[in-house]
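Chemist: Pasting a structure here, questions to come.
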Amino acid sequence: MKLTGPLERVLRVFLADPSARRYGYDLMKAARLPSGTLYPMLARLHDQGLVTSEWEPSPDDAGGRPPRKYYQLTAEGARAARLELARAAGAVPRAAHGTARPAPGSTQ
Amino acid sequence: MTRPPRVQRVAEHLIARACRRLPGEAGDERYREWAAELPAILSDPDIGSGVRRSARALSYAAGISRCARRLGRPGPPASLPARPGFPVRRVAAGVAIYLGLVGLVVGLAVAFHLHGPWPAILIVPVAAGFVAFCLVDLARADQVRYLPKWGWAIVCLVQIPLGGIVYLALGKIPRANLEPPAQP
């Protein structure tokens, strides 16, 4: 996993409550990311097995609202996220909110 | 059932168009996922006015279109850091093009004794086209260097045509410099 600024923000949001299921707009708001950044990242995390997605069965509070797709960290994802964030914090001291941009070429 | 608001229909249309870039099944599923977020945006209590909600929904749809383009093509995924390295040749080419342009304009003006509105009539469409080209290129880029995208947009607009040339030489990341996707 390559830790970039936006990815770090998403991981922090997920880790705030690792068992929570989040939908796309919820994540966009919480991580302050545009859709064009968030969804490719979710797709990548999903391909790596760090995040699972599932359709909500039937919207219960719905006024005819279409069903949403929810994302959730896997156990492996939560482990990897904690590791990466700890590693980033150890390597470079960052602001608490993690808005700092990563140095180019900072990998693994 | 009431008809959804116009903004929602426009955004749905944009998302549907974006999803056509994705292969069959995946496109359908993505459309359902992405379109389902629109009601949440348009009724978001944290966004004050209806106008701002509409703007948010449209910018969401524009982001989806960028996202579908990335997902639809094999190659570097989102958020790749650029390989470091100062693009000496591109900067040199940019300087040469700029000096050439200035020389051409001055040369033409002197050679044809252009006065009055003519220089402006010749230059303005070219300059506007160039700025538009730079801004479109900027909007479509996955990532740029040194400045955030909005910073480059200001540079392109404020210093015509030098800003655009500087953006193309420095800020734009050549396709060849994008790293191949990292293997998990």
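Chemist: Given the conditions (1) more than 10 Å from every other protein chain (Cβ to nearest Cβ); (2) in contact (Cβ under 8 Å) with a residue 60 or more places away in the chain, and given that A:S19 satisfies all but one, which numbered condition is not satisfied?
Modeler: The single condition A:S19 does not satisfy is (2).
Chemist: Between a residue in the stretch B:155-182 that is in the same structural domain as B:A92 (by TED's automatic domain parsing) and surrounded by 13 or more Cβ atoms within 10 Å (Cβ to Cβ) and any residue that is charged (D, E, K, R) and modelled with pLDDT of 70 or more, which pairs come within a Cβ distance under 7 Å, given they are 6 or more apart or on different chains?
Modeler: These pairs meet every condition: B:A169/B:R90; B:L170/B:R145; B:G171/B:R145; B:K172/B:D137; B:I173/B:R145.
Chemist: Does at least one position in the stretch B:32-44 carry a residue that is modelled with pLDDT under 85, loosely packed, with under 14 Cβ neighbours inside 10 Å, assigned to a loop (DSSP other than H, G, I, E, B) and not hydrophobic (A, V, I, L, M, F, W, C)? Please lay out each step first, then the result.
Modeler: Filtering the stretch B:32-44 down to residues modelled with pLDDT under 85 leaves none.
The answer is no; no qualifying residue exists.
The values are calculated or read from the model by the stated rules, or taken from the named source; none is laboratory data. Predicted model only: the values in this text are computed from it and were never measured. Every residue, glycine among them, receives a Cβ derived from its backbone with ideal geometry; neighbour counts consider all protein chains shown.
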